[in-house]
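The values are calculated or read from the model by the stated rules, or taken from the named source; none is laboratory data. Since the structure is predicted, the reported quantities are computational estimates derived from the model, not experimental observations. Because the Cβ atoms are built from the backbone with ideal geometry, glycine has one as well, and the counts that use them run over all protein chains shown. Side chains included, ligands, DNA and RNA excluded: accessible areas come from the protein's heavy atoms. Shrake-Rupley method; radii C 1.70, N 1.55, O 1.52, S 1.80 Å.
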Amino acid sequence: MERQINTIGILTSGGDAPGMNAAIRAITRTARFHSMNVVGVMRGYQGLIDGEFVKFTSSSVSNTIQRGGTILKTARSQAFMEADGRKMAYENMVSAGIDALVVIGGNGSLTGAQLFAREYDIPIIGLPGTIDNDLYGTDSTIGYDSALNTIVECVDKIRDTANSHDRIFFIEVMGRDAGFLAQNSAIASGAEAAIIPESATDVDQLAEFIERGKRKSKNSAIVLVSEAQKDGVGGALYYADRIKKEYPQFDARVTILGHLQRGGKPSAYDRILASRMGYAAIEALLEGQRNVMIGIKNDEIVYVPISRAVKMNKPINQELIAVLNVLSM
Ligand code: F6P
């Protein structure tokens with residue numbers, strides 16, 4: 001017989017993402033609607049180990065849907081990677097009467113959730129919360145759309161100065177090992193090219209493409225570059241250096257957008273996504289679902305085994321690559 005779930009714990013872990021607060025709010029309010037107790041766990045898994053628990057009511061999440069960051073704070077806990085850390089986390093959970101966990105985070109955080117659930121037979125529901133959009137089984141992750149909008153706003157500004165000076169800008173964006181942010185922000189900002197880990201980049205071809213643009217009186221160029229590196233190859237500095245050395249006729253500059261991409265208000269899309277996913281997390285627990293990540297595919301809620309969400313590669317749609325190539329001519 002299924003254990004009854006009276007008290008749930010919520011935590012955010014890994015890099016913060018806009019929309020995490022909207023998810024915390026939705027989970028809290030849906031749980032309260034079903035008369036469950038809610039415990040906010042501060043600072044991700046580290047808070048489980050340290051027993052940093054806060055009782056949450058519906059009003060604990062008032063006035064938070066529009067706020068960036070995470071009211072629960074977040075961390076990348078080294079201690080939770082050790083068996084002793086997870087044991088302590090489990091013991092604290094039991095003494096606080098927490099029967100199930102909802103974990104909002106990215107790949108690393110959900111991998112931790114999977115391990116914890118296996119070792120201690122705890123019902124865990126994962127919510128994909130990362131600007132990287134690199135979790136398999138969901139069309140979008142919480143925070144991705146907001147980060148994309150932030151990037152596009154920045155690129156529009158850089159375009160002004162690139163145009164005035166006839167320069168080529170290599171703009172580096174986050175994404176860890178995934179090119180979603182770079183590829184889609186390139187399309188949305190009308191950039192000339194994107195350099196992403198999912199497809200090979202030939203510097204000579206890129207230079208030839210920029211040169212062709214110049215001949216057609218396109219005197220500036222924007223190249224969105226994913227931060228992903230392999231054996232020291234990758235990132236905006238690497239490509240800008242090569243262009244400067246091998247094609248000194250180009251006036252190249254680099255902008256690394258960095259952590260500003262993770263901040264700011266969540267977009268309407270992310271608020272709705274997070275609200276739907278947070279609601280679905282509690283419904284899933286009530287249906288007896290265990291150790292699944294909530295995803296949204298073709299506008300429908302889906303349950304994805306966490307093991308698949310973290311292990312399977314999420315491919316970049318080839319059509320996006322074609323769209324950028326054709327439209328940036
Ligand atoms: O996973 C989200 C992310 O923002 C990645 O895009 C980036 O590589 C990483 O986190 C940066 O992590 P930190 O804030 O710990 O430096």
Note to self: Please check: in the Gaussian network model of the chain (C-alpha springs, under 10 Å), which one of SER13, SER226, SER62 has the largest mean-square fluctuation.
What the structure shows: SER62
Next item on the list: Tell me the label-point distance for the pair GLU287, ALA188, using the 7 Å Cα-to-Cβ offset, in nm and rounded to one decimal.
Entry: 3.0
Note to self: Placing unit charges on C-beta atoms (Lys and Arg positive, Asp and Glu negative, everything else neutral), compute the dipole magnitude of the chain about its Cα centre in debye, rounded to 20.
What the structure shows: 580
Check: Of the peptides 152-165, 169-182, 27-40, how do they stack up when ordered by the mean number of other Cβ atoms within 10 Å, highest first?
Finding: 169-182, 27-40, 152-165
Notebook entry, point to check: Once the piece of chain linking ASP202 and GLU246 is laid out straight, how much longer is it, given 0.36 nm per residue of separation minus the C-alpha distance between them?
Noted result: 14.6 nm
Check: Using a simple spin-label model with points 7 Å from Cα along the Cα→Cβ vector, what separation in nm is obtained for SER95 and SER307?
Finding: 3.3
Check: Cross-link list LYS216/LYS244; LYS73/LYS244; LYS157/LYS311: which exceed 31 angstrom alpha carbon to alpha carbon?
Finding: LYS73/LYS244; LYS157/LYS311
Notebook entry, point to check: ASP177 to ILE256: extension gain in nm, 0.36 nm per residue of separation minus the Cα-Cα distance?
Noted result: 26.8 nm
Margin query: Name the residue from LEU206, ASN163, ALA193 whose Cα lies farthest towards the positive end of the charge dipole of region 153-247, charges +1 on Cβ of Lys and Arg and -1 on Cβ of Asp and Glu.
Written below: ASN163
Margin query: Counting heavy atoms of the protein chains only and a 1.4 Å probe, report the per residue accessible area for the chain as a whole number of Å².
Written below: 45
Next item on the list: Multiply the residue gap between ASP299 and ALA322 by 0.36 nm, knock off their C-alpha separation, and tell me the result in nm, one decimal place.
Entry: 5.9 nm
Notebook entry, point to check: Toward the positive end of the charge dipole of the chain, about the Cα centre and with charges on Cβ (Lys, Arg +1; Asp, Glu -1), which of THR138, ASN92, ALA221 goes farthest?
Noted result: ASN92
Check: What spacing in nm lies between the two simple spin-label points modelled at ARG3 and TYR120, each 7 Å away from Cα in the Cβ direction?
Finding: 1.0
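Mean Kyte-Doolittle of at least 0.5 and a Cα length of 24 Å or more along the axis: which whole DSSP H helices of the chain meet both?
268-286
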Note to self: Can you return the aspartates and glutamates within cross-link range of LYS230? Criterion is Cα-Cα under 12 Å, with same-chain partners fewer than 8 residues away left out.
What the structure shows: ASP177, GLU198
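Only Cα pairs under 8 Å and at least 6 apart count here; give the relative contact order of region 7-147 as a rounded whole percent. Show your work: numbers first, answer last.
Working: 298 pairs, mean separation 43.0, N = 141.
Across region 7-147, relative contact order equals 30 percent.
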Check: What are the GluC sites (Glu not before Pro) within region 245-329 that DSSP puts in a loop, where the Cβ has at most 14 other Cβ atoms within 10 Å?
Finding: GLU287
Item checked: Student exercise, region 145-262 dipole from Lys, Arg, Asp, Glu Cβ charges, in Debye to nearest 20 -> 320
Next item on the list: Find the centroid of the Cα atoms in region 159-193 and in region 37-56, then give the distance between the two in whole Å.
Entry: 39
Next item on the list: Give me the percent of the accessible area of the chain that comes from carbon and sulfur atoms, probe 1.4 Å, all protein chains in place.
Entry: 50
Margin query: Please give me the summed charge of the neighbours of ALA147: other residues whose Cβ is under 13 Å from its Cβ, Lys and Arg +1, Asp and Glu -1.
Written below: -4
